[in-house]
Amino acid sequence: MERTLKKLRLLCPGLIFTADNVCRWSPANRTVYFIQGNDERHIWSLLHETGHAQLGHNTYESDIELLHMETAAWEQAKEVARALQMIIDEEHVQNCLDTYRNWLFARSTCPKCLSASLQTSAQQYQCLNCKTIWRVSRSRFCRIYRATLAAL
């Protein structure tokens, strides 16, 4: 991990890298937080969060935009890995992206008829089939909760 961090600091001089108990990118203080350790998955996560930083990811307006940002960050992480003469396991990348795909699928499934639906605002969906409208939590870390508002 220390060798990787040393190389990343040279490659990305405008970023701060700080050990923490969770991996994340904080645009507010230009800090990539990472889990200390030599497990290759921790290193891949560090590279992924660095990808978010390099791409200037700050906020997102829709669930699908978040999925696009996650995909782009993994693609950027692969580029960073190549620059560091490393390879990120594609199965690991797809497993990580699957968590977002599954989250998006659960949120966008109509609670009434189980059809695919359209996100109409940051926290609201509407079913294309039965027209039911429901709200979802802004957080991607809590359980999927869909509160039905109405059916047109």
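What share of the DSSP beta bridges in the chain is antiparallel, in percent to the nearest 5? Can you show the working numbers first?
Values: 16 of 21 bridges.
About 75 percent, rounded to the nearest 5.
For Asp20 and Leu114 in the same chain, what is the full-extension length gain: residue separation times 0.36 nm, less their Cα-Cα distance, in nm?
Details: separation 94, 0.36 × 94 = 33.84 nm, distance 3.93 nm.
Stretched out fully, the Asp20 to Leu114 stretch lengthens by 29.9 nm.
Near Asn58, within a Cβ-to-Cβ distance under 12 Å, what is the net charge of the other residues, with Lys and Arg +1 and Asp and Glu -1? Please report the intermediate quantities before stating the final value.
Numbers: positive: Arg30; negative: Glu61, Glu65.
Local charge sum for Asn58: -1.
Per DSSP helix of 4 or more residues, -39500 (n - 2.57); summed, then divided by the residues of the chain. What does that give at 222 nm, rounded to the nearest 500? Don't skip to the end; give the middle numbers.
Details: 4 runs with 66 residues, N = 152.
-14500 deg cm²/dmol, from helical runs alone.
Please sort through the DSSP H helices of the chain and keep those with an alpha-carbon extent of at least 20 Å along the long axis and a Kyte-Doolittle average not below -0.5. Don't jump to the answer; show the numbers that get you there.
On the way: long enough: 40-55 (22 Å, -0.61); 63-83 (30 Å, -0.33); 90-108 (26 Å, -0.95).
Those that pass (Cα extent of 20 Å or more, hydropathy at least -0.5) are 63-83.
If you find the alpha carbon centre of the stretch 14-36 and of the stretch 116-140, how far apart are they in angstrom?
Distance between centres, Cα-based: 32 Å.
Mind checking which of Glu91, Glu79, Glu49 has the largest fluctuation in a GNM of the chain, springs on alpha carbons under 10 Å?
Glu91
The numbers here are math on the coordinates, done by the rules we state, and not lab data. Only a predicted model underlies this, so the values are computations on that prediction, with no experimental measurement involved. Cβ sites come from the backbone with ideal geometry, for glycine too, and all protein chains shown count toward neighbours.
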